[in-house]
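Just so it is clear, none of the values below were taken in a lab; they were calculated from the coordinates. Small disclaimer: the values here were computed from a predicted structure and weren't measured. As a convention, Cβ positions derive from the backbone with ideal geometry for all residues, glycine included, and neighbour counts pool all protein chains shown.
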Amino acid sequence: MYILGIDGGGTKTKANLFHKEKGFIWEEEEKAANPHSTSYAQSVEVVNRIINKAYESHFLSENTELSIGLGIAGLGRKADQIKWLKYFQNSSRHLHKIKETVVENDGKIALYSETLGRDGIVSICGTGAITIGVHEAKTIRIGGWGHLVGGDPGSGYHIGSQALIAVFNELDGLGPETMLTNLILDGEAINKMEELIPILYQNVEKQRIAAFAGYVFQAADQKDEVAINIIRETAKEIARRGGTLFQKLFQTDVKDIPFVLTGGIFQNEFIVKEVTAELAATAPVKVIKAKRHPVAGSIVLVLKQQGYSAEQIGKMLTNTSDRQKRG
């Protein structure tokens, strides 16, 4: 039996075709599938293109039993998931071949990719940031409202913004000296900080601002106190959101609840260490740095619905991966 897992993000969409015995056998990338940043019609069109390609790849035949697991950004509410499914059912030419379709938001599959379907909390920090908790039938989110609402604390955008504030505060005599200034001057190939203003305002995109987070991590590696403080304050914000979700979802005497860290920001080990330390003083959770791509969680969605336990799913994913390596 085949499962097509799809992680539909706000920047790009990734898909994996999985077989219970053969493992991961095909992958594909497509454009963004967030229906709120594009449209429901375009989101469904992206998914339909992936399904069509899966059949055209000859891994799937007309008689293949196929299930689809979808984690789509922007589909946090049940009403939005139902709306998306209606668009899909009205447009897919392969609908009659699909045994089941499971639709969730991309945060849930990011969690499930590591917990294998168990409850827990996930902090997703890339260009943007969101924290999501799942317990039994209840799912709660904190953040993820976008960079225009509160600056999206924990995100690359927020860290990059703090870097810019720091260097211009130094320029104005309002803040301490920081290595960030020279790192940005060299990295952006400019002679003085004032030259950065037209560059920024001619390219006012959150991804452009988020890129400045890299300078913060570089400066922190060189023991720059301003950069270290930015990271520590960011870690506190991430832990505060996680602690709040824990209190809302779990009993205070429950321990070792999985807390997954995923997204580009957590490629930096210093911020992982700081978040872990902050969480240790906030909630009895077990911090897990993500190793699998969230698309694996979309496959877990289907296996969980089919009645497989986390232990069975873990063996299935591990055994098929081992067979792939030996093959």
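Starting from segment 266-302, pick out the GluC sites (Glu not before Pro) whose DSSP state is loop and whose Cβ has at most 16 other Cβ atoms within 10 Å.
Hits after loop and neighbour filter: nothing returned.
How big is the chain along each principal axis, measuring the range of its Cα positions in Å and listing the largest first?
Largest first, the chain extends 70, 48, 44 Å along its Cα principal axes.
In a shell of Cβ-Cβ distance under 12 Å around Lys248, excluding Lys248 itself, what net charge do Lys and Arg (+1) and Asp and Glu (-1) give? The partial results should precede the final answer.
Details: positive: Lys138, Arg141, Arg241; negative: none.
Summing Lys/Arg as +1 and Asp/Glu as -1 gives +3.
State, as an integer percentage, the relative contact order of segment 187-293 based on alpha-carbon contacts under 8 Å between residues 6 or more apart. Present the calculation step by step, with values, prior to reporting the outcome.
Working: 69 pairs, mean separation 27.2, N = 107.
About 25 percent, as a whole number.
Please identify, among Thr115, Thr64, Thr234, the residue showing maximal mean-square fluctuation in a Gaussian network model of the chain using a 10 angstrom Cα cutoff.
Of Thr115, Thr64, Thr234, the Gaussian network model singles out Thr64 as fluctuating most.
Compute a Gaussian network model of the chain, connecting alpha carbons closer than 10 Å, and tell me which residue from Asp186, Asp221, Asp253 fluctuates the most.
Checking each option, the largest mean-square fluctuation is seen for Asp253.
Please report how far the C-alpha centroid of segment 101-120 lies from that of segment 1-62, rounded to the nearest whole angstrom.
Segment 101-120 and segment 1-62 have Cα centres spaced 17 Å from each other.
Sorting check: for 188-201, 143-156, 206-219, 48-61, which peptide has the highest mean count of neighbouring beta carbons within 10 Å, and how do the rest follow?
Averaged packing, sorted descending, gives the order 206-219, 143-156, 48-61, 188-201.
Give me the base-10 log of I(q)/I(0) for segment 210-327 at each q in 0.10 Å⁻¹, Debye formula, one uniform scatterer per Cα, rounded to two decimals.
-0.44
For segment 161-170, in order, what is each residue's ³J(HN,Hα) by Karplus, 6.51 cos²θ - 1.76 cosθ + 1.60 with θ = phi - 60°, in whole Hz (x at glycine and Pro)?
In residue order, the calculated couplings are 4, 5, 5, 5, 4, 5, 6, 7, 5, 4 Hz.
As a check on your grasp of the helix formula, calculate [θ] at 222 nm for the chain: sum -39500 (n - 2.57) over DSSP H runs of n ≥ 4, divide by the residue count, round to the nearest 500.
Calculated mean residue ellipticity at 222 nm is -14500 deg cm²/dmol.
Compute the Kirkwood hydrodynamic radius of segment 117-291, taking the inverse of the mean of 1/r over all pairs of distinct Cα atoms, and give it in Å to one decimal. Before the final figure, lay out the partial values.
Values: mean 1/r = 0.0594 Å⁻¹.
Kirkwood radius, segment 117-291: 16.8 Å.
Could you give the size of the charge dipole of the chain about its Cα centre, using +1 on the Cβ of each K and R and -1 on the Cβ of each D and E, expressed in debye and rounded to the nearest 20?
Around 1460 debye, computed over the chain.
Loop only by DSSP, 10 or fewer other Cβ within 10 Å of the Cβ. Give me the GluC sites (Glu not before Pro) in segment 96-138 that pass, ordered by residue number.
Loop-located and lightly packed - Glu136.
Subtracting the Cα-Cα distance from 0.36 nm times the residue separation, let me have the gained length for Ala310 to Ala189 in nm, one decimal.
Gain in length upon complete extension: 38.5 nm.
Treat every Asp and Glu Cβ in segment 1-107 as -1 and every Lys and Arg Cβ as +1, leave all other atoms uncharged, and give the resulting dipole magnitude about the Cα centre to the nearest 20 debye.
Computed charge dipole of segment 1-107: roughly 280 debye.
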